[in-house]
Structures are given as structure tokens and as C-alpha cells.
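The values are calculated or read from the model by the stated rules, or taken from the named source; none is laboratory data. Everything numeric in this text was worked out from a predicted model, so none of it was measured. Neighbour counts run over all protein chains shown; Cβ positions are idealised from the backbone, glycine included. Accessible surface is based on the protein model in full, side chains and every heavy atom, while ligands, DNA and RNA are left aside. Shrake-Rupley method; radii C 1.70, N 1.55, O 1.52, S 1.80 Å.
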Amino acid sequence: MLLRIGEVTMKFRVGLIGCGRISPMHLQSIRMIENCNIAAVCDIREYVAKYTAEKYKCNYYTNYLDMIDKEALDTIHICTPHYLHHNMAIEAAKRGIHVITEKPMAINYNDAVDMVNTCNKNNVTLSVLFQNRYNRGVQVIKNEIQNGNLGRVLSGRVIVTWNRSDEYYLKSDWKGTWDKEGGGVVIDQAIHSLDLVRYIVEKKAIKVDASIRNRNHKKVQVEDCAEGIIYFEDGFNLSFYTMNYFTSDMPIDITIHCERGTASIIGDEGYIDYVDGRKMSIKLLDSDRIDYGSNVKKYWGYCHYTLIKKVYENIVLGKEVEVNGEDCLKTQKIINSIYESGLSGHSVFLNK
């Protein structure tokens, strides 16, 4: 059904920038939302833009400014290299266009703040694709913690061991670079897991002590290994270990130890062991799976559609988007503080 407010039906003209590997997750999601119409796509590679436009029956551009100036768009989806997110979001917001961007918001914290401020000034929505927040296991664990059933959160750990070879980086002109990607395993792979813990516990990070290294990649300079501890208010602390030179993408391993039990997220599934002996297992259901098309890379997390649909629903209803820019700034601050601490060799206080 179309989303309605009273007798008013809102239809969105949607544009997408960047027709690479992640774009089908957005385009298929948009196509599944009845009150959204894919008006145009943009990619600097004309053959890619043209192929995508033919598939989704829309116009195509090779210059995103031409697209947003000519297509009378309501919303833009940004699926481009990290360093482009900031400028593209700013240009869209200045024209009164809502922004949905892939993670990270930006390479540096100040650019992310600029994105939030510009969107607020122009009364448009800014949302970031942290789709794993809507995984079934994540939602159950968050509810159990926030309603007090698990008691006070004490500590947590994040373990990410994935595979990103030198060949993976060499296929791209921006991956593995400080100026265009903004880093390596932290900003690109571990960011989702770190965001999830912050989202689940709903506590403010106050200090980061981290180390970063390139241990096993010869063709890039960014980090392929990082470990450290993030201190939050109320005594909660999060230890993390992440690297991308394992020989396989192992399931994400997140553990949160609480007074009345321990919650774990292993890949797409959630588990809770209560101290009174009760156990809870939250499995991925077949109904949770979305068909994002054939030959589409399989990403951890299946809830791109859920997040994108909720963004449009909240815009129609005049409500604040759940995964909004202000909230995602908190994760951006943690990511940039990990780099600051790792590069300087000193702890970084986030409340400065």
C-alpha cells in the first residue's frame, strides 16, 4: 500500500549516485517500496550508468550535479567511495533533497558534522546505512538490555576476522587509501560491529585507546589490523580485535556481558544466556531474507530494505528517522578516535 497522511499520498522521485557493488541493495529496496520511483542513476563510468538505467528503467547521468539539478529529486542515495559522501550530501541538502548514504558518513568527523548541520539547516533527512541494527537478533538483545532484563552492562568484545587480499584493494582506485577510503579494516569492515554495540547499550563513549598496524598487505598503507578498548560512561568498556587477512570471512562475534546474563551476536543470529539458566536463541528466518537480485555480493546483514523503507515511512509521517545523522555522528567519533589513538600512540578523550 502507498504511505498516506490523511488523504495525501507522497510519492518520492529517487536518484542514486554510484552504481557499484552495493547499489543493488539500494535499488532493489527502492523498487520494492510502492511510493518510490527510481528517477535516475549516476556513475562516472558511462557504460555502468547506462546498464543500470536500462535495468531499472530510468535516466542516467555521469555527473551527479547534472542529475540533481535536472531530475527534481526528493531523495538521493549515495553509494560512492567514502571521500565523496560529504560533498555529495551537502550539494543535495542545499537543494532540499533528503540524503541516504552508505557508511561511513564521511572520512573525518568535521565533515560528518557539516553534513548533519547542512541537512538540519535545509530541513532534510540524513540517514546512514547501518542496516545491521535491524537484524532480528540485534533488536531482541537491545530490548532485553534496555528493559533491564539483563541488568547493568559490564563489558563487551568485538571480533572481526575477514579476508581482503591485496588483489581486492588493487581492483579499486580508492580502496586501501587514506585520502579516499579514510583507512582500512576499521572504517570499512569493523565499523558495523562497533556501531552495533554502541546502538545496543545506548551509552556515551568517553575514551579510546587503540593500536593499528598493517601486518599482511604489501600493496596498501592503511591498517589491516586494529585492537583496543573503548571506555563508555557508567563503567562499561568494549574491547575489539579486527583484521582482514584471515583466509575466510568468519561470522562477526559480538559479546556483551551483563549482570544477569551474556548476550552474543554470531553472524546474523543472536543468543542470550541468563544467569538463572534460561537461554534464548534468535535465528534468521526465511521470511527475513530479501531477494536483492542475482549476481549480487552477499553482505553481512540482510536489512537494507528494512532500514530504507523505515526512512521513507518516517519522512511521510513527519517523524525523526531512527538511524539519523546526529546519532550516527557518535559512531563516526569513535571511528576517527580509533585512528587518532592508533596513529599517535596515545589515548583519546571523546568529550574534548
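Of all residues in the range 301-332, those being out of contact with any Leu (no Cβ under 7 Å at 6 or more places or on another chain), among the β-branched types (V, I, T) and open to solvent by less than 30 Å² (accessible area, probe 1.4 Å) number 4. A search for C-beta distances below 6 Å between a residue of the range 11-27 that is over 16 Å from Y64 (Cβ atoms) and touching a residue at least 60 places away in the same chain (Cβ under 8 Å) and any residue that is surrounded by 19 or more Cβ atoms within 10 Å (Cβ to Cβ) and of a type in the set (F, W, Y), counting only pairs 6+ apart in sequence or on different chains, returns P24/Y292; M25/Y292. When I200 is tested against (1) assigned to a loop (DSSP other than H, G, I, E, B); (2) in contact with a helix residue (DSSP H, G or I) (Cβ under 6 Å, 6 or more places away or on another chain); (3) open to solvent by less than 20 Å² (accessible area, probe 1.4 Å); (4) more than 27 Å from H86 (Cβ to Cβ), just one condition goes unmet, and that condition is (1). The residues listed here are I97, I159, I107, I187; of these, the one that is out of contact with any Cys (no Cβ under 6 Å at 6 or more places or on another chain) and closer than 27 Å to K70 by Cβ is I97. Hey, any hits in the range 246-268 for a residue that's touching a strand residue (DSSP E or B) at 6+ places or on another chain (Cβ under 9 Å), closer than 24 Å to F12 by Cβ and crowded, with 17+ Cβ neighbours inside 10 Å? Within the range 246-268, not a single residue is touching a strand residue (DSSP E or B) at 6+ places or on another chain (Cβ under 9 Å), closer than 24 Å to F12 by Cβ and crowded, with 17+ Cβ neighbours inside 10 Å. So I229 clears everything in (1) under 17 Å from I159 (Cα atoms); (2) aliphatic (A, V, I, L, M); (3) touching a residue at least 24 places away in the same chain (Cβ under 8 Å); (4) open to solvent by 10 Å² or more (accessible area, probe 1.4 Å) except one condition, right? Which one? It fails just one condition, (3).
Residues considered: I206, I212, I187. Of these, the only one that is in contact with a helix residue (DSSP H, G or I) (Cβ under 8 Å, 6 or more places away or on another chain) and not in a strand (DSSP E or B) is I187.
Among residues of the range 61-75 that are free of Cβ contacts under 8 Å to residues at least 24 places away in the same chain, those with a beta-carbon under 7 Å from a residue that is open to solvent by 60 Å² or more (accessible area, probe 1.4 Å) and of a type outside the set (V, I, T) at least six positions away or on a different chain give the pairs T62/E46. Looking across the range 173-193 at every residue that is open to solvent by 10 Å² or more (accessible area, probe 1.4 Å) and of a type outside the set (K, R), the one that is nearest to the chain's Cα centre (by Cα) is identified as H192.
The condition of being without any contact (Cβ under 8 Å) to a residue 24 or more places away in the chain and basic (K, R) holds for only one of K330, K319, that being K319. Those strands (runs of 3 or more DSSP E) of the range 243-352 in which at least 1 residues are within 19 Å of the chain's Cα centre (by Cα), considering only elements entirely within it, cover 253-258, 261-266, 269-274. In the set (1) under 21 Å from the mean Cα position of the chain (by Cα); (2) surrounded by 16 or more Cβ atoms within 10 Å (Cβ to Cβ), the condition left unmet by A210 is number (1).
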